[in-house]
Every structure is written in C-alpha cells, then in structure tokens.
1. Just how large is the dipole of the chain about the Cα centre, in debye to the nearest 20, putting +1 at every Lys and Arg Cβ and -1 at every Asp and Glu Cβ?
2. Each label point is 7 Å from the Cα along the Cα-to-Cβ direction; what then is the distance between the points at Ile258 and Lys209, in nm?
3. Given the pairs Lys259/Lys310; Lys26/Lys160; Lys50/Lys296, which span a C-alpha to C-alpha distance of over 20 angstrom in this model?
4. Multiplying the sequence separation of Lys310 and Glu100 by 0.36 nm and subtracting their Cα-Cα distance, what value in nm do you get?
5. Which value in deg cm²/dmol, rounded to the nearest 500, describes the helix-derived mean residue ellipticity at 222 nm for the chain, given -39,500 (n - 2.57) per DSSP H run of n ≥ 4 and division by the residue count?
6. Please report the antiparallel percentage of the DSSP beta bridges confined to the stretch 212-305, to the nearest 5.
7. Would you mind calculating the gained length between Gln246 and Ser74 on full extension (0.36 nm times residue separation, minus the Cα-Cα distance), in nm to one decimal?
8. Only helices at least 18 Å long along their axis, Cα-based, and averaging 0.0 or more on Kyte-Doolittle count here, so list those DSSP H runs from the chain.
Amino acid sequence: MKKNKIKILFLGTPFFSVPSLEALHKSELCELIGIVTQPDRPQGRGQKLKPGAVKEYALKNKIPCFQFQSINSSKALNELKKLKPSLIFVVSFGQILSEEILNLSPLGCLNAHASLLPQYRGAAPINWVLIRGEKETGVCIIKLIKKLDAGPVVIQEKVKISHNDNYETLYKKLASLSAKLILKTLVLAQKNQLKFQEQDHNKATYAPKIEKTQCHINWNDKASHIHNFIRGLSPIPCAFTFFEGQRFKVYASQISKIKANNKPGTIEECNPTGILVNTQDKRLFLTEIQLENKKKMSASLFLQGKKLKKGTCLG
C-alpha cells in the first residue's frame with residue numbers, strides 16, 4: 001500500500017529557492033499545498049513592483065501563493081493553519097519565523113543553508129566563503145530554531161570551490177545542491193527516518209549581510225585578498241574603487257606573479273589582458289569592469305575608448 005503524500009508548505013523568495021521548489025513540485029512523495037514568499041518589491045529605474053522568482057514559478061504552475069508583510073502576523077498564522085502542513089521547507093525566504101510558525105507542522109521547519117554549519121551562519125555565507133578564500137563549502141539541511149542558523153543538522157554535503165568561481169557561479173551550484181538535499185530529506189521524512197545532529201556551537205562563525213558601503217576595494221591589502229574580495233562580490237553587490245572621481249566597479253581580476261613596485265592602487269600598465277594595478281605585495285589584473293553610468297565590459301574593450309596613464313591612482 002502506498003504511503004500518503006507529505007503535505008509540504010514551502011517558504012522562499014529569490015532564484016536560489018526555485019530549484020528546491022521545482023524539485024518538490026515534481027516529486028511524487030509530497031503534495032505542495034502552498035507557497036509563502038516575500039511581498040513584491042520595487043525594482044529598476046521606474047521602481048515598479050516586481051515579484052520574486054518563487055512567486056513567478058508559483059503563478060506559472062498555478063500553485064497557491066501567499067504574501068504577507070509579516071508571516072508572524074495573526075492573519076498569516078490563521079491562513080497557514082488552515083493548510084495543515086505536515087512539514088515546512090524554508091529556502092532563502094527572508095523573514096525571521098516566530099515560535100508559532102516553527103511549531104505549525106508536526107515535522108517542524110527544515111531549512112537549506114548554504115554553508116557547512118556551524119561555519120558561516122547568517123545572511124551572506126556564499127559571499128564570505130569566497131572573500132575569505134575557502135576551498136570548499138556546501139549545504140546543510142537544518143531544523144529551524146529561534147537562534148540564528150543554530151538548529152540541529154539533518155543532512156549536509158560538501159562542494160569544492162573552483163578558483164574560477166565567483167558569487168554568481170557558486171550561488172547556482174549551491175542552489176542545485178540545496179534541491180538535491182531537500183529531496184533526500186523528503187525521502188527520510190517519508191520513511192520516518194529524520195535524525196538530527198547538534199552543531200558544535202563553539203566553532204560557529206558568522207556571515208553578516210554585506211552593505212554596498214563595505215564593497216570599497218582596499219588597495220593596501222594583498223593581491224590574493226583583493227582578488228577574493230572581488231569574486232566574492234561579483235556580480236552583486238560588486239566591488240568598486242574610484243577613477244577620476246567616478247565609481248569604478250570591478251567584476252573580475254587575475255593575480256599577477258610580478259611583485260608590486262609602486263604605491264598600492266597605482267596603475268602600472270594597460271594591455272589587452274587588462275589593467276595592471278599595484279597592491280601591497282603583487283600586481284593585480286582588472287579584467288572586467290564598469291565605469292559609472294556605463295555598461296559592464298572587458299578591460300580590453302574599455303581601453304579601446306579610454307586611455308589610462310601609467311601612474312594613475314585608483315581609490
């Protein structure tokens with residue numbers, strides 16, 4: 001006799017959530033009874049309201065979709081109680097959940113977090129693992145508790161960080177891995193085999209949200225550190241410096257083996273490979289850039305229309 005399908009309520013908002021949502025939607029082990037996502041936000045120059053990727057998926061596939069200014073409001077709680085979920089999956093939702101929501105379903109709330117917990121708890125683990133030059137990261141499925149990303153772990157899997165990875169590529173890898181682990185967790189739940197391993201809280205590190213004001217490149221740092229800083233913020237929110245008083249975004253770079261021989265931030269050379277800038281220890285090639293109010297482009301294309309003199313100082 002076939003087991004009853006698990007009734008799933010899904011909480012998520014951006015593209016990172018979509019692979020997990022799609023995996024659940026297509027699974028024969030569960031019934032996706034509803035989706036909760038953040039309210040539409042104003043975007044672009046016209047500041048028109050635009051739905052997140054999860055809502056777009058819900059509308060396209062005719063899945064009941066709820067949007068609350070606060071999921072913890074009495075109105076939201078009453079609406080969600082009516083659905084009677086067996087299990088709630090949370091993937092990059094964007095609101096802190098109250099005790100009432102955490103206890104809404106018999107199997108609790110399970111969250112996909114994009115790091116190897118207890119390392120990199122917080123809002124921006126993908127950015128920070130790159131900025132700090134980590135060689136591997138991963139995804140953990142945890143039970144949500146009131147303390148930030150501190151719940152016991154159900155399952156985790158590691159992934160190597162390539163030297164070519166930036167925020168965008170690693171984001172996509174971990175979104176796919178999250179979907180894979182969500183399905184593995186669903187199988188365990190279906191078999192009543194969910195087991196929880198407490199985190200070692202003494203080893204916890206944090207990955208706070210990165211504000212745009214924190215993205216200013218410090219040329220007095222080592223080339224490897226600046227390179228990791230650039231790729232950890234590419235393409236958003238994007239590392240920047242200043243050139244002739246204008247904000248100068250840097251999307252990609254390469255570390256040169258040549259030692260720096262001038263003041264950090266000083267342009268040493270411009271060639272088809274890129275713009276060669278001195279740092280604390282070595283020179284760094286800037287290979288993809290964007291000057292304020294201009295399009296993003298390769299440094300070589302930029303140099304066709306803009307002459308940069310040796311000795312010009314960025315920052």
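1. Dipole about the Cα centre, nearest 20: 460 debye.
2. According to this spin-label approximation, the distance is 4.2 nm.
3. The answer is Lys26/Lys160; Lys50/Lys296.
4. The Lys310-Glu100 span can extend by a further 69.4 nm.
5. Value at 222 nm, helices only: -7500 deg cm²/dmol.
6. Looking only at bridges with both residues in the stretch 212-305, the antiparallel portion is about 95 percent.
7. Separation in residues times 0.36 nm, less the Cα-Cα distance, equals 57.1 nm.
8. Going by DSSP H runs, the hits are 167-190.
Bear in mind that the values in this text are calculations on the coordinates, not laboratory data. Everything quoted here is computed from the prediction, not taken from an experiment. Using ideal geometry, Cβ is built from the backbone for each residue, glycine included, and neighbour counts are taken over all protein chains shown.
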